[in-house]
Amino acid sequence: MTGRARLGAALWVLVAQYFLLLFVVEARWEVPYSWVRNAISDLGAATCFRSEQVERWVCSPWHVVSGVSWTVAGLCLAGGALLVGPLFPATRTARTGLALLVVTGLALTVVGLNPEDTSATLHVAGAVVAIPVGEVAMLLTGLALAGTERWRVLGRVGVAAAVVAMVALVLMVAQVGGPALFGLWERIAAFPVLLWAVACGVALPTRPAGR
């Protein structure tokens, strides 16, 4: 395994800071933040406003931390995907999945750089790309690993997580449960690909599937 591949895996592990800082930023809210109702993007809102989505005030004092965290996570996801090729099987499925992870990471970077309330168009565009493309990327990289003897179980977990995320995306778009469940469906749709990158970054360097 090359040093580049190890660096890529390390970048993927750094995506974990995304989740740590979600809790840190959430803790600074005066109005209780709900993982079931509130959008993830509310943590990065640059101004205070009353949200029609959750019918409560959105005010995130540490919104800059969220923006930086999401931007870093996107760059780590994209950069890692460019470097970890040797850790995956040398198949078209794996290459396509990794390419889509680059797109996902860049889209997440757009989300982080553009708050939902001050740059709504770019923010939404980034999210619209990041979530579904990330799910397909996870599905393809999971399928690639599932076809190996070493990482069959991990690959199947990735495939299953991708399917669950896709179902959640459909439920979110269909507004099942209305605003009361928006945050829940969004998290189930968006988080798995980031957790997948962290898991692969930790596991694959121990026994590269590409060799």
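The values are calculated or read from the model by the stated rules, or taken from the named source; none is laboratory data. These numbers were taken from a predicted model, which means no experiment stands behind them. Positions of Cβ are backbone-derived with ideal geometry, glycine not excepted, and every protein chain shown enters the neighbour counts.
Numbers at a glance
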quantity	calculated
Sole exception among (1) touching a strand residue (DSSP E or B) at 6+ places or on another chain (Cβ under 7 Å); (2) modelled with pLDDT of 95 or more for L106, by number	(1)
Selected residue (only one of T118, T93, T148, T141 is among the hydroxyl-bearing types (S, T, Y), exposed (fewer than 15 other Cβ atoms within 10 Å of the Cβ) and more than 14 Å from the chain's Cα centre (by Cα))	T118
All positions within the stretch 25-52 that are assigned to a helix (DSSP H, G or I) and either of a type in the set (S, T, Y) or more than 12 Å from L108 (Cβ to Cβ) (or both)	V25, E26, S41, D42, L43
Tally, over the stretch 99-148, of residues that are in contact with a Ser or Thr (Cβ under 9 Å, 6 or more places away or on another chain), assigned to a loop (DSSP other than H, G, I, E, B) and within 18 Å of V68 (Cβ to Cβ)	5
Residues satisfying the stated conditions in the stretch 170-183, i.e. part of a helix (DSSP H, G or I) and surrounded by fewer than 19 Cβ atoms within 10 Å (Cβ to Cβ)	V170, L171, V173, G178, P179, A180, L181
Residues of the stretch 104-137 satisfying the condition of being in contact (Cβ under 8 Å) with a residue 12 or more places away in the chain and of a type in the set (S, T, Y)	T104, T109, T118
Hits in the stretch 53-98 (condition: part of a helix (DSSP H, G or I) and at pLDDT below 95)	G85, P86, L87
Some residue of the stretch 59-68 being touching a Gly at 6+ places or on another chain (Cβ under 8 Å) and surrounded by fewer than 17 Cβ atoms within 10 Å (Cβ to Cβ)	yes
